[in-house]
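Enquirer: The structure's right below; bear with me while I get my questions together.
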Amino acid sequence: MENTDWADYKTILSHSGKIKGLVGTCKIDEFIDKLDESLINSFSKAKGILINFKFHKNQSLSMISDYMDKINDLAHVEAEIIFSTEIIDNIDEEILEYEIILTGL
């Protein structure tokens with residue numbers, strides 16, 4: 001897992017169709033609750049999915065892995081998924097920053 005770069009955005013945005021996205025911050029254990037039903041339903045229709053998580057270095061990757069398992073379950077089997085994480089020191093240990101872009105809807 002690496003930081004998202006411009007090539008990742010270019011790849012995901014190359015899928016024609018509508019785009020949906022969500023950028024936010026929440027407590028790390030509340031991420032799934034922050035996803036509205038419309039966005040959750042869109043995962044199965046998206047041709048491209050980009051997800052970037054930013055969190056404190058002391059936070060376990062297991063919860064992030066669980067979130068990605070759930071998103072993979074929601075996503076279309078042929079969807080191109082780009083997933084990245086970024087460890088940042090100047091964030092509260094309980095906070096998760098996230099960016100989600102769905103394309104090709």
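Enquirer: With all protein chains present, calculate the accessible area of Thr103 using a 1.4 Å probe and round the result to the nearest 10 Å².
Expert: For Thr103, solvent-accessible area is about 0 Å².
Enquirer: Could you sort Ile19, Ile101, Ile49 by their accessible area in this structure, using a 1.4 Å probe and putting the largest first?
Expert: Ile19, Ile101, Ile49
Enquirer: Continuing with the same structure: Mind pulling up the Rg/Rh value for the stretch 1-58? Radius of gyration and Kirkwood radius, both on Cα.
Expert: That ratio is 0.98, to two decimals.
Enquirer: Among Lys34/Lys54; Lys10/Lys47; Lys34/Lys57; Lys10/Lys57, which pairs are too far apart, with a Cα-Cα distance over 19 Å?
Expert: Lys34/Lys57; Lys10/Lys57
Enquirer: Scale the Cα Rg of the chain by the rule-of-thumb value 2.2 N^0.38 Å and send over the ratio, two decimals.
Expert: 1.03
Enquirer: What GluC sites (Glu not before Pro) does the stretch 1-92 have in DSSP loop regions with at most 11 other beta carbons within 10 Å?
Expert: Qualifying residues, ordered by number: Glu2, Glu78.
Enquirer: A further question on this structure: For a quick check of your reading of the filter: which trypsin sites (Lys or Arg not before Pro) in the stretch 37-73 sit in a DSSP loop and have no more than 16 other Cβ atoms within 10 Å?
Expert: Lys45, Lys57
Enquirer: Sequence-distant or interchain residues sharing an amide H contact under 5 Å with Ala46, placed H: which?
Expert: His76
Enquirer: How far is helix 61-74 tilted, in degrees, relative to the longest principal axis of the Cα atoms in the chain, given as a value from 0 to 90 rounded to the nearest 10?
Expert: The helix 61-74 is inclined about 20 degrees to the chain.
Enquirer: In the chain, what percent of the accessible surface is made up of carbon and sulfur (1.4 Å probe, ligands and nucleic acids excluded)?
Expert: The value for the chain is 47 percent carbon and sulfur by accessible area.
Enquirer: According to the square roots a ≥ b ≥ c of the eigenvalues of the Cα gyration tensor, what is the shape class of the stretch 59-100, taking rounded for a/c under 1.5, prolate for a/b larger than b/c otherwise, and oblate for the remainder?
Expert: Judged from the Cα gyration tensor, the stretch 59-100 comes out prolate (a/c at least 1.5, a/b above b/c).
Enquirer: Further, regarding this structure: State the antiparallel share, in %, of DSSP beta bridges confined to the chain, rounding to the nearest 5.
Expert: 70
Enquirer: What number, in percent, do you get for the relative contact order of the chain if the mean sequence gap of Cα pairs under 8 Å and at least 6 apart is divided by its residue count?
Expert: In percent, rounded to a whole number, it is 50.
Enquirer: Within 10 Å of each candidate Cβ there may be at most 13 other Cβ atoms; applying that plus a DSSP loop requirement, which trypsin sites (Lys or Arg not before Pro) in the stretch 1-31 survive?
Expert: Lys18
Enquirer: Quick one: accessible area per residue over the chain, 1.4 Å probe, rounded to a whole number of Å²?
Expert: Accessible area per residue: 59 Å².
The values are calculated or read from the model by the stated rules, or taken from the named source; none is laboratory data. Note that this is a predicted model, so its numbers are computed, not measured. For neighbour counting, all protein chains shown are included, and Cβ atoms are generated from backbone atoms with ideal geometry for every residue, glycine included. Please note that ligands, DNA and RNA were not included when accessible areas were found on the heavy atoms of the full protein model with its side chains. Shrake-Rupley method; radii C 1.70, N 1.55, O 1.52, S 1.80 Å.
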